[in-house]
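The values are calculated or read from the model by the stated rules, or taken from the named source; none is laboratory data. These figures come from a predicted structure and were not determined experimentally. The area values use the complete protein model at the heavy-atom level, side chains included, leaving out ligands, DNA and RNA. Shrake-Rupley method; radii C 1.70, N 1.55, O 1.52, S 1.80 Å.
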Amino acid sequence: MNEKKLFTVSFFINFIFSMLTALLSLIVFNINKKTGDINIIMMTFISSLLFTRVFSIGNFFKGED
């Protein structure tokens, strides 16, 4: 995959996750009408993203040996 295609794919994936982060809180608020639920959903979502990134980085460095 050339660099331009890789950049484009990476850009759109990051853009979608950025939109999802903003829209997720609005969707949860529209369903429950409570701001406390937004905090729980966002903490879960961001924690799963961080866990996935750490796991991916760990696999990346483990595979180089």
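Mind checking which residues of the stretch 26-35 are of a type outside the set (Lys, Arg) and modelled with pLDDT of 80 or more?
Within the stretch 26-35, the first condition is being of a type outside the set (Lys, Arg), and the residues that meet it are 26-32, 35.
Result: Leu26, Ile27, Val28, Phe29, Asn30, Ile31, Asn32.
Considering the stretch 8-37 alone, what residues qualify as being outside any helix (DSSP H, G or I) and on the phi < 0 side of the Ramachandran plot?
Within the stretch 8-37, the subset outside any helix (DSSP H, G or I) is 33-34.
Lys34, the sole residue that qualifies.
Select from the stretch 1-58 the residues that are open to solvent by less than 70 Å² (accessible area, probe 1.4 Å) and hydroxyl-bearing (Ser, Thr, Tyr) and list them in ascending order.
Once the filter is applied, which keeps residues that are open to solvent by less than 70 Å² (accessible area, probe 1.4 Å) and hydroxyl-bearing (Ser, Thr, Tyr), the stretch 1-58 yields Thr8, Ser10, Thr21, Ser25, Ser47, Ser48, Ser56.
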